[in-house]
Amino acid sequence: MNNKTFITTDDVAEILGVSKSYAYKIVRKLNAELAAKDYLTVAGRVNRKYFMEKACYGEDILDGRSD
């Protein structure tokens with residue numbers, strides 16, 4: 001996953017152990033929150049750091065380091 005700024009719905013589904021369709025719902029919700037704060041969003045992808053914070057992971061499991 002190599003320190004990507006944005007993660008895909010496939011990544012979200014894998015991390016959370018949910019279906020791809022549910023991962024899309026999560027990504028849309030998080031992107032709507034970011035858009036409301038005037039951040040740039042990318043359809044089908046979500047900011048990795050924001051996702052990790054909202055998913056309540058204390059350590060970034062994508063690259064094994066803590067932010």
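Derivation of every value follows stated rules applied to the coordinates shown; laboratory data play no part. Quantities reported herein were computed from a predicted structural model and do not represent experimental measurements. Backbone-built Cβ (ideal geometry, glycine too); neighbour counts: all protein chains shown.
State whether region 1-52 is rounded, prolate or oblate according to the following rule on the C-alpha gyration tensor (a ≥ b ≥ c being the square roots of its eigenvalues): a/c under 1.5 gives rounded; otherwise a/b larger than b/c gives prolate, and the remaining case gives oblate.
Judged from the Cα gyration tensor, region 1-52 comes out oblate (a/c at least 1.5, b/c at or above a/b).
Which ³J(HN,Hα) values in Hz, rounded to whole numbers, follow from the phi angles of region 19-33 under the Karplus curve 6.51 cos²θ - 1.76 cosθ + 1.60, where θ = phi - 60° and Gly and Pro get x?
6, 5, 5, 6, 4, 4, 4, 5, 4, 4, 5, 5, 5, 5, 4
If R0 is 30 Å, what FRET efficiency do you get for Cys56 and Arg28 from their C-beta distance, rounded to 0.05?
In this case the efficiency is close to 0.95.
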